[in-house]
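Shown next, in structure tokens, is the structure this report addresses.
The values are calculated or read from the model by the stated rules, or taken from the named source; none is laboratory data. Remember, it's a predicted structure, so these values are computed and weren't measured experimentally. Cβ: placed from backbone, ideal geometry, glycine included. Neighbour counts: every protein chain shown.
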Amino acid sequence: MSARKKKVAAKKAPPRFRSEDAEREFWADHDVVDYFDWDEAVPGSFPALKPSTTTISLRLPEPLLEELKALANERDVPYQSLLKVFLAERVARERGWRGKKREKV
């Protein structure tokens, strides 16, 4: 028997896990190489994934946009990202989500 066949035959079956926490603990102490043969791996395909964001058009007063860009520059982040943070914080405050986990809709 070749060394390659011995190597493949030596792979262990991964256990079934009671929870994601149990699985996380297991993989923290074990090497995936002992359980899977990467030579047999197949690339994943996720054709049904949709972008998690939606493109919108928003008209802002020019001075407000310039202030936003200046703030973003001071923080070294893109101004669109800073705007999303500001909007998310305000929506959370309006909804009263402050330290709470929000419910999924």
> Quick one: Pro47 ticks every box in (1) part of a helix (DSSP H, G or I); (2) modelled with pLDDT of 80 or more bar one, so which box is it?
Replying inline: (1)
>> So the check is Cβ under 6 Å with 6+ separation or different chains; which pairs have a first residue in region 75-94 that's farther than 14 Å from Leu65 by Cα and aromatic (Phe, Trp, Tyr) and a second one that's outside any helix (DSSP H, G or I) and modelled with pLDDT under 95?
In response: none
> Say we look at region 4-28 and pick out the residues that are in a loop (DSSP other than H, G, I, E, B) and surrounded by 11 or more Cβ atoms within 10 Å (Cβ to Cβ); which of these is modelled with the lowest pLDDT?
Replying inline: Lys11
